[in-house]
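Notes for the one structure printed next.
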Amino acid sequence: MLEERKATILIVDDDAQNRMLLKFFCKKWGFNVIECKNGAEAVNRVTEENVDIILMDLMMPKLDGFSALKVLKSNEQTKYIPVVILTAAEDTQSRIKGIELGADDFFTKPINIHELKLRLENSLRLKYYNDKLKNYNLFLERELRKKIYEVKKAYMDSLYRLTKIAEYRDRETGDHLERIGYFSKEIASRLGLGNDFIENIYYASQMHDIGKVGIPENILQKKGTLTPEEFEVIKKHTVIGADILKGSHISVLQMAEKIAKYHHEKWNGEGYPFRLKGDDIPLSARIVAIADIYDALRSKRIYKPPLSHQTAVEIILKGDGRTKPEHFDPDILDIFKKHHKSFEEIYETVRAVL
């Protein structure tokens with residue numbers, strides 16, 4: 001045999017004498033032998049044993065050879081095991097049906113033992129090369145997944161470095177980027193938005209303030225209250241950020257563009273730059289909006305001290321004049337209300353490693 005271990009043959013026949021005769025010769029030729037007396041037994045047994053080839057009669061009780069063949073060839077685990085049909089039927093129709101169902105060879109009873117031996121060896125040789133090809137394909141798939149992971153990791157690292165651009169203009173912005181990613185991921189997970197969305201929003205949310213690179217430093221770093229004119233300039237960071245990110249065919253950057261552009265819009269239409277309302281605001285931006293507000297309340301800023309978790313929660317849920325509950329998507333606000341402790345854990349954990 002081409003393989004080091006003994007090949008295993010499954011003999012399926014309801015006639016005990018036929019099984020005994022086939023078993024005798026197969027063992028003589030050096031095969032391990034497993035016996036089943038009907039197709040139902042064979043279908044169950046083949047998934048439990050490391051079977052290399054199947055010799056199967058057509059006319060059997062419970063599950064005939066045709067039915068068993070159909071089951072075996074439709075199962076990914078067993079479809080590549082060669083099946084040799086043993087039958088007394090000489091009609092062409094039976095052979096055609098067997099071929100359609102995936103039979104690999106036919107023998108008409110009575111069987112020529114010497115020919116059977118050669119056919120079995122050929123079938124096993126073909127299976128050996130099919131297995132080698134399958135294993136090589138699996139190896140290639142693993143290597144491809146590995147390379148894709150490495151490229152993706154490098155790509156995501158580049159995206160993260162892109163988000164850090166804003167830090168050089170506004171140090172306070174830089175400190176909270178990673179937390180925004182985790183807060184947004186937490187909300188998306190609680191909403192059950194799917195793995196792709198969750199992964200994308202983790203990275204995309206961290207680019208929400210990238211447009212601040214286009215805002216004059218004297219305005220960004222101003223310690224006092226902004227004038228109405230200065231606040232109008234600050235508002236432009238949304239459209240600047242969207243302009244930086246626009247035109248990409250990559251899903252995470254497409255999401256990042258929407259977040260940068262719309263994360264200051266409010267559910268009740270009081271936000272900027274377009275005063276959008278409700279579902280007109282992209283979901284990703286609605287998620288980041290509450291994440292951004294929570295982190296801003298918790299964090300020290302030039303113009304304010306940091307607030308406690310409880311105070312930040314009360315402001316978001318009850319309002320303080322500047323921030324109102326109606327600013328937020330009700331479903332997202334409900335998620336925050338039920339799971340705000342997760343926000344506190346993220347804030348304390350990520351802050352500890354920054």
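No lab work stands behind these numbers, since they all come straight from the coordinates. All values derive from a computational prediction rather than experimental measurement. Here Cβ is always computed from backbone atoms with ideal geometry, including for glycine, and neighbour counts include all displayed protein chains.
Points to keep in mind about this one:
- Set the Cα radius of gyration of the chain against 2.2 N^0.38 Å, with N its number of residues, and you get 1.65.
- Phi-based couplings in Hz for the range 117-130 (Karplus 6.51, -1.76, 1.60; Gly and Pro marked x): 4, 5, 5, 4, 4, 5, 5, 5, 5, 5, 5, 4, 6, 5
- Cross-link partners for Lys70 among the aspartates and glutamates, with Cα-Cα distance under 12 Å and sequence neighbours closer than 8 places in the same chain left out: Glu100.
- Stokes-Einstein D for the range 249-354, Kirkwood Rh over Cα pairs, 10 °C, 1.306 mPa s (µm²/s): 110
- Where only DSSP H runs of four or more residues are counted, the chain gives -18500 deg cm²/dmol as its mean residue ellipticity at 222 nm, each run worth -39500 (n - 2.57).
- Most to least packed among 261-272, 186-197, 103-114 [average Cβ atoms within 10 Å]: 261-272, 186-197, 103-114
- For the range 219-226, the Karplus equation 6.51 cos²θ - 1.76 cosθ + 1.60, evaluated at θ = phi - 60°, returns couplings of 7, 4, 9, 5, 7, x, 5, 6 Hz by residue, with Gly and Pro reported as x.
- A simple spin-label model places pseudo-atoms 7 Å from Cα toward Cβ; at Phe106 and Gln93 they are separated by 1.3 nm.
- Hits among lysines - C-alpha to C-alpha of Lys132 under 20 Å, sequence gap 8 or more where chains match: Lys6, Lys73, Lys79
- When peptides 9-20, 54-65 are sorted by average Cβ neighbour count within 10 Å, with the highest value leading, the order is 54-65, 9-20.
- Per-residue 3J(HN,Hα) values for the range 54-59, derived from phi via the Karplus relation 6.51 cos²θ - 1.76 cosθ + 1.60 with θ = phi - 60°, read 10, 9, 9, 6, 8, 8 Hz in sequence order (x marks Gly and Pro).
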